[in-house]
Amino acid sequence: MSPAIGILDVAREILPVLPKLLGEDAEAVEQSLTRLLERARSGEAVDHEIRVLLGKYPATDRWKRDRLRGNDADGVDEKSYQPLPGQRNTPRAVKYACPVSGCNTPPWFPIDAGDVIPSCEIHGVPFESVSND
Ligand SMILES: [Zn+2]
């Protein structure tokens, strides 16, 4: 198996397209991402922070997920996802958001079950799953 694309590769690849994806938000994200990549180079584990950062904006979140999904051409397809036994017909949460009503923090979309659910930066509470309809 060839090595999978990691979140760090995604971070490096997304940098040049940020202005197109985010418009005027791009600069702040670019700075944060550059800093995270520097920390990664010095050996720190920043994967989660990168995921949270890119997950904040629907455009970067989608880009990241599409990029990571490229890995899975020969892997598990999302459509073949099987719920765990005992969770019969439980709708799969597709979106997480701050539970505080009226909070403006953008929702976060998990890529896979191993993703750590982030917390709201404003309210400091963990995101909760939101059904899509
Ligand atoms: Zn909040």
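Read the figures in this text as sums done on the coordinates, not as results from a lab. Because the structure is predicted, anything quoted here is derived from the model rather than measured. When we count neighbours, we look across all protein chains shown, and the Cβ atoms used for this are built from the backbone with ideal geometry, even at glycine.
So here's what we get for this one:
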item	result
Estimated FRET transfer efficiency (Lys20, Glu121; beta-carbon r; R0 30 Å; 0.05)	0.75
Residue exposure sequence - Leu36, Leu54 - by fewest surrounding Cβ within 10 Å	Leu36, Leu54
Net lengthening on full extension, Thr105/Ala4 (0.36 nm per residue, minus Cα-Cα)	33.3 nm
Förster radius 22 Å - calculated FRET efficiency between Val130 and Arg69, Cβ distance, rounded to 0.05	0.55
